[in-house]
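Engineer: Dropping a structure here in structure tokens format, bear with me for questions.
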Amino acid sequence: MKTFLLFIFSGLYFISPAQTSSKKNLSGFLGTLSGKVTDSSTGKPLSGASVYIADLKLGVIANESGNYRFANLPSGTYLVEAHAIGHSTQIKDITISEKSVLDFELSLQYTEQSAVVVTGQSKATQIKRSPVPIVTMSHADIVGNLSTNIIDAISKIPGVTQLTTGPNVSKPFIRGLGFNRILTLYDGVRQEGQQWGDEHGIEVDQYGVDHAEVIKGPASLTYGSDALAGVVNLIPTPPAPEGKVQGDVQAEFQTNNGLFGGSAMMEGTKNGLEWMGRLSHKEASNYSDRADGRVYNTAFNETDATASIGLHRAFGYSHLNISLFDDLQEIPDGSRDSATRQFTKQITDSDTYRPIVSEKELHSYAITPLHQHVQLYHIYSTNNFALGTGRLTVNLGFERSVRREYSHPQEPEVPGLYLQLNSYVYDVKYFFPSFNGWDITTGINGMYQQNTSTNGTEFIIPSFHQLDIGPFAMVKKSFGNLDISGGIRFDSRAFTNQQMYTVSNGVDYNTPVYGKDTAGAYQAFPYYHKLFSGLSGSLGIAYVFSNKWSAKANISRGYRSPNISEISANGVHPGTGIYQVGNPDFNPEFNVQEDLGLNFNTKIAVINFSVFYNSVTDYIFNEKILNNEGADSTRDGNTVYQFRQGRAALYGGELSIDIHPIEHLHFENSVSLVYGNLLSSPGKPITDSTRYLPDIPPMHGLSELKYDFKNKNLHLVNGFVQLSAAFSGPQNRPYLADNTETATPGYTLINAGVGAGFTNKQNKLIFNIYLFANNIFDVVYQDHLSRLKYFEPYPNSPGPYHGIYNMGRNISVKLDFPL
């Protein structure tokens, strides 16, 4: 452990004051980049414009004359982007020399331009020149809408949805696949928790996310196992520009569940030394809807903290980041009174009598005894070293995920489920110098994990450890307007879970047995060891026909090792009421996905169209087990399910049409569609009830009309008013076997928002204020990927409502005070 932490800090050792004054280092020379940012129509300088180099994580601000300057840049070719409020972003390539000059002329913004992305690329790349299907969500779009967590915010991206267990528990799904098939990154570093579970969300401070990049398809080439369906890269607030100290204070209130949230951040940069600190908190009571009233046990209390320090020097940069995520999250079970359908609560371990929950409890912010406590401690270092005219990046991290689920109402301090996961992640890449349009990258990444599950009273998975190693190489070649890229990777995972015996404590739960004396004990988990391996890769092309048209095509092969639950589960799955059984004979999942995309971009319209076909072999899914009489098999009063494998296919696409008939008017529309079919499953025929895959979202989309405004006399800037309709079609293709899923009706939600910034007499921004309203007409609906839809103790009730419904009308006020 000490050795690993010393390795994390080792990047900072390379920094010495002498390097800042030297014109020579490992890169051969240092250069400068300067220029001017002006308005293309008037020629006037754009004071305050931002100029940013993504590969170096380095930005500056143009002065009153529109001039900017970077000093001590390592040699190389970089993508530089300039943007200013109310103007379109301009992106240019530059090869750094001793004194490089690059000017920008920004036009008034009508349509959004192709963004610069870094996720899964050989280097920073414009989206339209990347064959990989990748999309972004800007900071303005994240803060310019009402959401309850960061995954809820990015679920507005076409092709991205969320599986939810209430307003603060969301897991991302990409084109119908989720859980361990999606890799979540924070600042480009993989984030690890208990992803196999569906009753807790992503452990990220939503206030600290600046923007997001999403790969829609296999990304195993650059990230290995668990990126079979795609990658979500949540990118935090960038460092302050050189010579600046800045920050902000955010606050929000939501009416539906009484959510109070806020965050305070300060950061600064001087002479290449960067620092940042952020503290965030949010808490809420139970949410409500017209069918259920207040939904008991959906309150939460979350506190997050982040600190970072970094240095930019002649060698490149080195950043060290530390964060804490701490969430107290209640666990709903849907229990109700049979006559009144009022929620009831468990008060004893024997659970023979449940009283009705009082109104005072339904409106309380206090966390009930039955809750989960999820914590993530994260320390990581990102480093970029100039070597010759190439670059070496070294990203190292340590994460400790602690998840406790308290399920004993008479012993509220005793956790039922208690999981402690330590993850050591590494990612090393070398970027060869660009030559004749060639960009070549080689690297190796992976992780070592150790998970302890013996400290609780409930055991669904055993303790385990695993080691992942994955070397890879990728190449990109540019032929004018044509870009071709591809690569290959080989992954290995050495997986071992420990055997475990338990004995009854004589009261109401079991305890583990340690040592060799296991006489009379129950073997909950046998010893298991296996080596999984797989080959993955991709090949694609992107072609820019003109300033208006571009197209891309890509084929990629993904790989995923089975997770701990799929292999070794043997216990009651928390929050589901099912007894889950794994299968130790599983093979890894492999998939092959073909993508085709088309982009049309003019001054008044942007159209993006993409289609895909994803074939998955050894697809893992859950199946109910029957006994010898053909009835449901039960264990400890819970229905038994066991994972099995088969062959599956998913296909569909996305279409977005953004129309800007005049400068300030935006009419944005999108629609997403995915179908999922189970094609075969050895040992069991495919029937009408098993032909469709579970957890497939229905056709859904968003249509939004937005008008931007400003008024110098009233000191208003960045103003907007918007009205949107979010629609979801009916899902009539569920996985019907064993009542795993049911069909879901469609619905349409009307949302609205208004916001603006206020300036002082010197035109300096004082604060921003936003007012949002979601589900204005208080529609009663259930999302198909809501787990609460199936929390129904009386499925044969003749009433019109079954299960728990999604949140009703919600109004939010946000304040943002820049410092």
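Engineer: Quick check on my filter: what residues within segment 680-705 are modelled with pLDDT of 95 or more and farther than 18 Å from Glu741 by Cα?
Structural biologist: His700, Gly701, Leu702, Ser703, Glu704, Leu705 - these are the residues of segment 680-705 that are modelled with pLDDT of 95 or more and farther than 18 Å from Glu741 by Cα.
So that you can scan it fast, the table gives a plain yes or no per residue for (1) under 14 Å from the mean Cα position of the chain (by Cα); (2) small (Gly, Ala, Ser); (3) surrounded by 24 or more Cβ atoms within 10 Å (Cβ to Cβ):
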residue	(1), (2), (3)
Gln191	yes, no, yes
Gln195	yes, no, no
Asp210	yes, no, no
Ser220	no, yes, yes
Ala227	yes, yes, yes
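Engineer: Name the residue that is nearest to Val60 (Cα to Cα), counting only residues in segment 234-265 that are touching a helix residue (DSSP H, G or I) at 6+ places or on another chain (Cβ under 7 Å) and open to solvent by 10 Å² or more (accessible area, probe 1.4 Å).
Structural biologist: Checked segment 234-265; the qualifying residue nearest to Val60 (Cα to Cα) is Thr237.
Engineer: When segment 271-291 is examined, which residues are found to be touching a strand residue (DSSP E or B) at 6+ places or on another chain (Cβ under 8 Å) and among the charged types (D, E, K, R)?
Structural biologist: Correct list: Glu274, Arg278, Lys282, Glu283.
Engineer: On to the next question. Six or more apart or on different chains, Cβ under 8 Å: which pairs go from a residue in segment 561-574 that's more than 14 Å from Leu417 (Cβ to Cβ) to one that's aliphatic (A, V, I, L, M) and assigned to a strand (DSSP E or B)? Could you list them?
Structural biologist: These pairs meet every condition: Pro562/Ile620; Glu566/Ile620.
Engineer: Between residues in segment 108-135 that are over 15 Å from Asp595 (Cα atoms) and residues that are at pLDDT 85 or above and among the basic types (Lys, Arg), which pairs lie under 6 Å by C-beta distance while being six or more apart or on different chains?
Structural biologist: These pairs meet every condition: Ser114/Lys128; Ser122/Lys476.
Engineer: Looking at this structure, is Phe479 within 27 Å of the chain's Cα centre (by Cα) and open to solvent by 30 Å² or more (accessible area, probe 1.4 Å)?
Structural biologist: No.
Engineer: Okay, moving on. Please give the number of the condition Ile469 fails out of (1) open to solvent by 20 Å² or more (accessible area, probe 1.4 Å); (2) free of Cβ contacts under 8 Å to residues at least 40 places away in the same chain; (3) under 15 Å from Val402 (Cα atoms).
Structural biologist: For Ile469, the exception is condition (3).
Engineer: Restricting to segment 54-75, give me the number of residues that are outside any strand (DSSP E or B) and more than 16 Å from Val116 (Cβ to Cβ).
Structural biologist: 6
Engineer: Give the residues of segment 28-54 that are over 23 Å from Lys123 (Cα atoms), of a type in the set (Gly, Ala, Ser) and open to solvent by 20 Å² or more (accessible area, probe 1.4 Å), sorted by residue number.
Structural biologist: Ser40, Ser41, Gly43, Ser47, Gly48
Engineer: For segment 613-629, enumerate the residues that are within 19 Å of Ser689 (Cβ to Cβ) and acidic (Asp, Glu).
Structural biologist: Of everything in segment 613-629, just one residue is within 19 Å of Ser689 (Cβ to Cβ) and acidic (Asp, Glu), namely Glu623.
Engineer: Within segment 123-136, how many residues turn out to be assigned to a loop (DSSP other than H, G, I, E, B), open to solvent by 10 Å² or more (accessible area, probe 1.4 Å) and more than 18 Å from Leu58 (Cβ to Cβ)?
Structural biologist: 2
Engineer: Can you find a residue that is touching a helix residue (DSSP H, G or I) at 6+ places or on another chain (Cβ under 7 Å), of a type in the set (S, T, N, Q) and part of a strand (DSSP E or B) anywhere in segment 167-186?
Structural biologist: yes
Engineer: Would segment 483-503 turn up any residue that is at pLDDT 85 or above and in a loop (DSSP other than H, G, I, E, B)?
Structural biologist: yes
Engineer: If Phe609 satisfies every condition in (1) among the aromatic types (Phe, Trp, Tyr); (2) assigned to a strand (DSSP E or B); (3) open to solvent by less than 40 Å² (accessible area, probe 1.4 Å) but one, which is the exception?
Structural biologist: (3)
Engineer: A further question follows. In segment 674-699, what residues are in a loop (DSSP other than H, G, I, E, B), open to solvent by 40 Å² or more (accessible area, probe 1.4 Å) and either within 12 Å of Gly646 (Cβ to Cβ) or in contact with a strand residue (DSSP E or B) (Cβ under 6 Å, 6 or more places away or on another chain) (or both)?
Structural biologist: Pro682, Gly683, Lys684, Pro685, Ile686, Arg691, Met699
Engineer: If you check Lys57 against the conditions, is it more than 27 Å from His211 (Cβ to Cβ) and open to solvent by 20 Å² or more (accessible area, probe 1.4 Å)?
Structural biologist: Criteria not met by Lys57.
Engineer: Right, something else. Going by what's in this entry, would Val402 be described as without any contact (Cβ under 8 Å) to a residue 60 or more places away in the chain and β-branched (Val, Ile, Thr)?
Structural biologist: So Val402 passes the test.
Engineer: Something else about it: Determine which member of the set Pro584, Pro562 is of a type outside the set (Phe, Trp, Tyr), touching a Phe, Trp or Tyr at 6+ places or on another chain (Cβ under 8 Å) and under 18 Å from Arg181 (Cα atoms).
Structural biologist: Answer to the selection: Pro562.
Engineer: Also: Pick from segment 290-305 the residues that are crowded, with 23+ Cβ neighbours inside 10 Å and farther than 16 Å from His200 by Cα: which of them is farthest from the chain's Cα centre (by Cα)?
Structural biologist: Asp292
Engineer: Please go through segment 512-553 and give me each residue that is of a type outside the set (Gly, Ala, Ser), in contact with a strand residue (DSSP E or B) (Cβ under 6 Å, 6 or more places away or on another chain) and within 30 Å of Ile460 (Cα to Cα), ordered by number.
Structural biologist: Pro512, Val513, Thr518, Tyr522, Gln523, Phe525, Tyr528, His529, Lys530, Leu531, Phe532
Engineer: Would segment 647-657 turn up any residue that is at pLDDT below 95 and either open to solvent by less than 60 Å² (accessible area, probe 1.4 Å) or acidic (Asp, Glu) (or both)?
Structural biologist: The answer is no, given that none of the residues of segment 647-657 is at pLDDT below 95 and either open to solvent by less than 60 Å² (accessible area, probe 1.4 Å) or acidic (Asp, Glu) (or both).
Engineer: Got at least one residue in segment 580-595 being out of contact with any Leu (no Cβ under 8 Å at 6 or more places or on another chain), free of Cβ contacts under 8 Å to residues at least 24 places away in the same chain and under 30 Å from Gly446 (Cα atoms)?
Structural biologist: Yes: one or more hits.
Engineer: Conditions first: (1) open to solvent by 20 Å² or more (accessible area, probe 1.4 Å); (2) touching a residue at least 40 places away in the same chain (Cβ under 8 Å); (3) assigned to a loop (DSSP other than H, G, I, E, B). His200 passes all but one, so which condition is the exception?
Structural biologist: (1)
Engineer: What is the one condition in (1) more than 24 Å from the chain's Cα centre (by Cα); (2) open to solvent by 20 Å² or more (accessible area, probe 1.4 Å); (3) under 28 Å from Arg336 (Cβ atoms) that Asn806 does not satisfy?
Structural biologist: (1)
Engineer: Give me the residue from segment 658-673 that is open to solvent by 60 Å² or more (accessible area, probe 1.4 Å) and hydrophobic (A, V, I, L, M, F, W, C) and, out of that set, farthest from the chain's Cα centre (by Cα).
Structural biologist: Ile662
Engineer: Follow-up. Within the bounds of segment 85-105, is there any residue that is open to solvent by 20 Å² or more (accessible area, probe 1.4 Å), closer than 23 Å to Glu267 by Cβ and part of a loop (DSSP other than H, G, I, E, B)?
Structural biologist: yes
The values are calculated or read from the model by the stated rules, or taken from the named source; none is laboratory data. Bear in mind the structure is a predicted one, so any value in this text is a computation, not a measurement. Positions of Cβ are generated from backbone atoms using ideal geometry, with glycine treated the same way; all protein chains shown enter the neighbour counts. For the accessible areas, the whole protein counts, side chains as well, though only heavy atoms, and no ligand, DNA or RNA atoms are used. Shrake-Rupley method; radii C 1.70, N 1.55, O 1.52, S 1.80 Å.
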